[in-house]
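Q: Before we start, here is the structure in question, set down as structure tokens.
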Amino acid sequence: MNRLHDLQRDFSRFVFQETGLIPGGIKANGMMPEQRLAIYRNNTRAGLTEALRDVYQVVNRLVGDKFFNRLAEAYINAHPPQSASLLEFGGRFADVISGFQDAQALPYLADTARLEWYWHEAYHEADDHALAMSALARLKPEQYGRLGFNIHPSARFLASDYPIARIWACNQADAGQNERIDLNEGACRLLIYRPDVDVKILSLDKAEYQCLTALASGLTLMQAVRQVDAEHPGFDVLSSLQHWLFRGLLTDFFII
């Protein structure tokens, strides 16, 4: 029997599942074992709550500290950290919000959380260089139909029924006076990526969103254009490609 493994398991259960079962081998040392462990549990959960608050600052601002603490408690109970790195902690917060009964009156909140998490991921994602136009000039005409593109590793795509980009922007610390947002003003389709130092959140129209997500899924340019043209005839793919090459979203190409 691995006594250290059993102690670590029971200790984790006490902290994250609040079982009340005191792990064996914990010495009192002037304080009852359950008191010592309760201090550690409270500090751990408080630290994780603050880690979530740091990532989800807009969600916190929208619902307030007390409500956010309840969301964080539900998240920690459902998804305790699986890694020593807190950069990976909080990725399913939007799912918890979606299932949280008291958050149902805020239907935009889960998508706002998704936007914040994608911003967080994009900020910490790997760098890459933009594809040079000169590299494409070397392609042979017979290769055009088999041409695909690699999208910047930081790129994330998000479609929502709510104007979450404006909700996010209006709830930044430097946003100034509060702006009233009409939730019925329409859906949005967003690209979140970090081509250089700053993370960008860009709104896309339906055709561009469909084209870029198709390319990001691994389809060739020809396959993506066929999909888009079926729903959005007349989409100017060449202008779109030039635009995204210039914006650093396309980092390489491949021939299948």
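Q: Could you please rank 252, 128, 174, placing first whichever residue has the fewest other Cβ atoms within 10 Å of its Cβ?
A: Ordered from fewest to most neighbouring Cβ atoms within 10 Å, 252, 128, 174 come out as 174, 252, 128.
Q: Against the longest principal axis of the chain, how steep is helix 237-246, in degrees 0 to 90 to the nearest 10, with axes from Cα atoms?
A: 50 degrees
Q: Could you tally the net charge around residue 206, taking each other residue with its Cβ under 11 Å from the Cβ of residue 206, Lys/Arg +1 and Asp/Glu -1?
A: -2
Q: Let me ask something additional. May I ask you to sort 237, 63 by Cβ crowding, counting other Cβ atoms within 10 Å and putting the fewest first?
A: 237, 63
Q: Another question, then. In which sequence would 196, 95 go, from the one with the fewest C-beta neighbours within 10 Å to the one with the most?
A: Ranking 196, 95 by Cβ neighbours within 10 Å, fewest first, gives 196, 95.
Q: How much mean residue ellipticity at 222 nm does the chain get from its helices, if each DSSP H run of length 4 or more adds -39500 (n - 2.57) and you divide by all residues, to the nearest 500 deg cm²/dmol?
A: Numbers: 11 runs with 123 residues, N = 256.
Calculated at 222 nm, the ellipticity per residue is -14500 deg cm²/dmol.
Q: Tell me, what is the percent relative contact order of the chain, built from C-alpha pairs under 8 Å that lie six or more residues apart?
A: 18 percent
Q: Using amide H atoms built in the peptide plane, which far-off residues or other-chain residues are under 5 Å from residue 159 H to H?
A: 190
Q: Then there is this: Which of these values of Cα extents along the principal axes in Å was calculated from the structure shown: [x] 48, 42, 40; [y] 79, 50, 31; [z] 56, 41, 32?
A: Checking each listed value against the structure points to [y].
Q: Once you order the gyration tensor axes a ≥ b ≥ c over the Cα atoms, which shape class does segment 68-177 get: rounded for a/c under 1.5, otherwise prolate or oblate by comparing a/b with b/c?
A: Taking the square roots of the gyration eigenvalues as a ≥ b ≥ c, segment 68-177 is prolate.
Q: Still on this model: Which aspartates and glutamates, if any, have their Cα less than 19 Å from the Cα of residue 200, not counting same-chain residues under 8 positions apart?
A: Hits, sequence-local ones excluded: 54, 111, 116, 121, 125, 127, 128, 174, 208.
Q: Calculate, in nm to one decimal, what residue 139 and residue 41 gain on full extension: separation in residues at 0.36 nm each, minus their alpha carbon distance.
A: 29.3 nm
Q: Separate question: Return the loop-located trypsin sites (Lys or Arg not before Pro) in segment 121-166 (DSSP other than H, G, I, E, B) with at most 11 other Cβ atoms within 10 Å of their own Cβ; answer none if there are none.
A: Answer by residue number: 138.
Q: Something else: Below 12 angstrom from the Cβ of residue 219, what's the summed charge of the other residues (Lys, Arg +1; Asp, Glu -1)?
A: +2
Q: Return one number: the angle in degrees, 0 to 90 and rounded to the nearest 10, between the long axis of the Cα atoms of helix 221-231 and the longest principal axis of the Cα atoms of the chain.
A: 90 degrees
Q: Give the long-range amide H neighbours of residue 150: residues separated by 5 or more places, or on another chain, with amide H under 5 Å away, using H modelled in the peptide plane at 1.01 Å from N.
A: 251, 252, 253, 254
Q: Something else now. Once the other residues with Cβ under 14 Å from the Cβ of residue 186 are scored (Lys, Arg +1; Asp, Glu -1), what is the net sum?
A: -2
Read the figures in this text as sums done on the coordinates, not as results from a lab. As the structure is a computational prediction, the values presented were derived from the model and not from experiment. Using ideal geometry, Cβ is built from the backbone for each residue, glycine included, and neighbour counts are taken over all protein chains shown.
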